[in-house]
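The values are calculated or read from the model by the stated rules, or taken from the named source; none is laboratory data. Computed from a predicted model, the values in this text were never measured in an experiment. Note that we place each Cβ from the backbone using ideal geometry, even for glycine, and neighbour counts take in every protein chain shown. Accessible surface areas use protein heavy atoms only, side chains included; no ligands, DNA or RNA. Shrake-Rupley method; radii C 1.70, N 1.55, O 1.52, S 1.80 Å.
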Amino acid sequence: MDALSTPYPHLFAPLDLGFTQLRNRVLMGSMHTGLEDRRKDFPKLAAYFAERAEGGAALLVTGGFAPNIEGWVKPFAGKLSWPWEARKHRQVTSAVHAHGAKICLQLLHAGRYAYHPLQVAPTRLKAPINPFTPRALSARGVERTITAYANAAKLAREGGYDGVEVMGSEGYLINQFLSARTNHRDDAWGGTPEKRMRFAIEIVRRIREACGPDFIIIYRLSMLELVPEGSDWDEIVAQAKAIEAAGATIINTGIGWHEARVPTIATSVPRAAFAGVTAKLRPHVALPLVATNRINMPEVAESVLATGGADMVSMARPLLADPQWVNKARVGKSDAINTCIACNQACLDHVFQNKLASCLVNPRACMETELNYPKTYAPKRIAVVGAGPAGLACATIAAERGHRVTLFDAASEIGGQFNLAKTIPGKEEFHETLRYFRHRIDETRVDLRLSTVVTTETLSGYDSVVLATGVTPRAVNFPGHDHSKVVSYLDVLQKRVVPGHRVAIIGAGGIGFDVAEYLVQNAPSPSLDPGAWMHEWGVDASFDSAGGLARPRVEPPEREIWLLQRSPGKPGARLAKTTGWIHRSTLKAKGVTMLGGVEYLGVDDAGLRIRVGDTEQTLPVDHVVICAGQESRRDLLAPLQAAAVPVQLIGGADVAAELDAKRAIAQASRVAAAL
Ligand code: FAD
Ligand code: NAP
Ligand code: SF4
């Protein structure tokens, strides 16, 4: 199918780079998976990239490889400085080339973000997100580092790569040289914007010199820094022009330093929220520009390209979620795409915990050689009870494998608790997962029976039963728990109760935080309105100011909220690493009172009586919303076992504690692979 016969003609137009052509406008953005770090994982890395290349992407970029040991992101992370390190990359590059795609290796020197004591930086300044303090590079050290970049690029070429991406953004070493925030030098590499730029320019120039004219050099330019003292717009334009002159082939967009206090890729960030910054640079350079961040569906990508604001789109997590994203988009099957919901739960959060990355909606990601769904030669009749995330994944995979699957749910729609999650402001993407599963149910011909409360009798005649009946909210039993003010999060999110102006939330886990965000949001969700979202987070919508920052303007909420937990310490400490701070900041900005170490003394007409330390007080609330965790719902298990029916538990029905959709879907997929 050519560019004219696809619904997304701009996305599928080839891109001519002069010495080579890209088959479409999709760049798979760099993403550290953990497979880069150990030689023995390279066959897995090759399989991972091969699936994405077969899936249609034009140009893939690897996770970051350091040009020397000082530049390691963490001890023994991926590095490319010796010929024997280059040779092992051949298996990755040839696997990608076999599917007609091109691949660049990302060169990343972490600078002061390196999580080890050997770290270096332009100036001895500790990053706020790292316990280590860097050593300032000497002038000779700067020269040595530039040589290391050129050497690594040459080795990448020997390893079969079509080019490199020079990571110049996100607050890593090159970015640290560029910025007055982190570069306080007064030698040839600092002191004026021109001297701060020299390091980046020399790296690109020397790579071009070392690798010749027919080698792709992508430069990831920090276009919107989102930190105080970050580059202003004039400096960014000057940097882009200098990088073009130094010999880059493509400029990719970098948004936000890792230490920025503005979210840049979380699910609450509006789709394509930062495409405007790439578009603003478009008139200033002739090189192809790549737009990035929160572009996750073909319609979004097409509109970014059609408006002329960029020449390519970068997607990393969306291709983790669905390796076939590009092929599906090309033939107009947008509905069949397993959409990245930008939750970070299995990708970025794993990387920060030193675990292998994967994907909440696609547990096969980075497990391509291990988790597969082979056709069965012995089809069975399988009943799956519960169409929440666990039941949906299990039923559709089992049916795809050739089993005859009936999927039951008591509710009138599929989705289980995801139907609650999707009502939370900033979690609108959860609708996409349900759309995807509706499509999968049709495609795999699962026999779906909604509005059916399953009993043991319903389940006679099946060869195997999978119970995915999920969870029920945990009851509390302090005095007054049955007062009319006391309601469950189900009552609120299913709109059976509209809470009053003053509300206490009991339980500050993921659901307590979500309910608080639901209750403090007055207007339509800012996640659906980039302008409103930028106001709230203090992003200068003109992108002119230093770092692109403005004064945040937060709409005061209509409700006064208390978010409470019994454990000592700050509520939210156990939320996820990459997104917990966003939830805490949002609620703080909305004036929510968050208290730990709370004892619940009772509820009466006056409100909720609590004790914190030695102090007792009555919170004069209209409602108390209970978000005190969940318990497994598995009343069908014992009778089925008694009747000797082969039965398995998955998701919340199996274990309710610490349950999330990541665990539910991963477990369901593994069970379905073995049925
Ligand atoms: P459930 O989703 O509970 O589904 C169970 C299904 O079984 C239900 O549809 C129910 O109707 C059906 N059922 C039960 N008994 C019967 C019966 N006898 N007959 C027929 N049908 C029956 N997780 C994350 O990972 N990330 C998030 O950001 C996130 N946000 C959340 C926000 C909110 C507000 C809530 C409430 C949850 C959130 N979760 C999130 C948690 C996530 O939704 C759950 O972990 C997940 O839904 C559990 O999946 P499950 O399939 O095990 O159970
Ligand atoms: P949770 O995280 O286990 O939190 C339950 C809260 O209730 C805790 O704050 C707990 O704190 C309190 N609690 C427990 N028993 C109580 C009792 N008997 N009386 C009063 N308070 C009690 O569970 P959840 O909030 O229901 O979330 C369920 C799961 O959904 C989570 O594990 C989470 O992974 C997932 N989820 C994830 C997200 C996300 O953004 N990733 C969002 C929503 C939900 P104390 O014991 O200290 O009081
Ligand atoms: Fe996207 Fe979440 Fe999967 Fe990461 S884990 S790729 S953010 S859906």
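Express the relative contact order of the chain as a whole percentage, based on alpha carbon pairs under 8 Å and six or more residues apart in sequence. Relative contact order here is 12 percent.
Of the peptides 269-276, 204-211, 551-558, 290-297, the order by per-residue mean of other Cβ atoms within 10 Å, starting with the highest, comes out as 290-297, 269-276, 204-211, 551-558. The phi-based Karplus calculation (6.51 cos²θ - 1.76 cosθ + 1.60; θ = phi - 60°) puts the 3J(HN,Hα) values of segment 149-156 at 4, 5, 4, 5, 5, 5, 5, 4 Hz, whole numbers, x for Gly and Pro. Computed from the alpha carbon positions, the gyration tensor of segment 222-373 leads to an equivalent ellipsoid with semi-axes of 29, 20, 14 Å, biggest first. Which angle between 0 and 90 degrees, to the nearest 10, do you get for helix 42-54 versus the longest principal axis of the chain when only C-alpha atoms count? Once rounded, one gets 90 degrees.
Using the per-residue mean of other Cβ atoms lying within 10 Å as a proxy for protection, in what order, highest first, do the peptides 364-375, 621-632 fall? Mind dumping the intermediate values first?
Working: 364-375: 15.9, 621-632: 21.3.
Those peptides, ordered most packed to least, come out 621-632, 364-375.
For the peptides 308-320, 120-132, the ranking by packing is 308-320, 120-132, with the highest mean count of neighbouring Cβ atoms within 10 Å listed first. So what is log10(I(q)/I(0)) for segment 402-442 at q = 0.17, 0.24, 0.30, 0.33 1/Å, when the Debye sum runs over its Cα atoms only? Once normalised to I(0) and log-transformed, intensities are -0.52, -0.86, -1.10, -1.17. Normalised by the number of residues in segment 15-338, the average gap of Cα pairs under 8 Å and 6 or more apart makes the relative contact order 16 percent.
Only the Cβ atoms of Lys and Arg (+1) and of Asp and Glu (-1) were treated as charged; on that basis the dipole of the chain about its Cα centre amounts to roughly 1500 debye.
Applied to segment 375-387, the Karplus parametrisation 6.51 cos²θ - 1.76 cosθ + 1.60 on θ = phi - 60° returns per-residue 3J(HN,Hα) values of 4, 8, 9, 10, x, 10, 8, 10, 9, 10, 9, x, 10 Hz, with x for Gly and Pro. Karplus-derived 3J(HN,Hα) values for segment 257-270, using 6.51 cos²θ - 1.76 cosθ + 1.60 with θ = phi - 60°, are 7, 5, 8, 5, 9, 10, x, 10, 9, 5, 4, 6, 6, x Hz; glycine and proline are entered as x. Tell me the carbon and sulfur percent of the accessible area for the chain, rounded to whole percent, probe radius 1.4 Å. Whole-percent figure for carbon plus sulfur exposure: 53. Taking amide H positions as modeled 1.01 Å from N, with prolines and chain starts lacking one, the residues under 5 Å from K74 and 5 or more places away or on another chain are Y115. The orientation-averaged shadow of the Cα convex hull for segment 15-338, equal to a quarter of the hull surface, comes to 14.8 nm². Here is how the number arises for the chain: DSSP H runs of 4 or more residues each give -39500 (n - 2.57), the sum is divided by the residue count, and the result at 222 nm is -8500 deg cm²/dmol.
Mean separation of Cα pairs under 8 Å and 6+ residues apart, divided by the residue count of segment 539-625: what relative contact order is that in percent? Intermediate values should be presented prior to the final figure.
Values: 110 pairs, mean separation 18.7, N = 87.
It comes to 21 percent, rounded to a whole number.
Between helix 389-400 and the chain, what is the angle of the helix's C-alpha long axis to the longest principal axis, kept within 0 to 90° and rounded to the nearest 10? Orientation of helix 389-400: about 80 degrees from the principal axis. Between Rg and the Kirkwood Rh of the chain, both from Cα atoms, what is the Rg to Rh ratio? Rg/Rh: 0.99. With one equal scatterer per alpha carbon and no solvent term, the Debye-computed log10 I(q)/I(0) for segment 542-671 at 0.09, 0.18, 0.20 1/Å reads -0.49, -1.09, -1.20. Summarising the strand pairing of the chain, around 20 percent of its internal DSSP beta bridges are antiparallel.
Rolling a 1.4 Å probe across the protein heavy atoms gives the chain an accessible surface of 39 Å² per residue.
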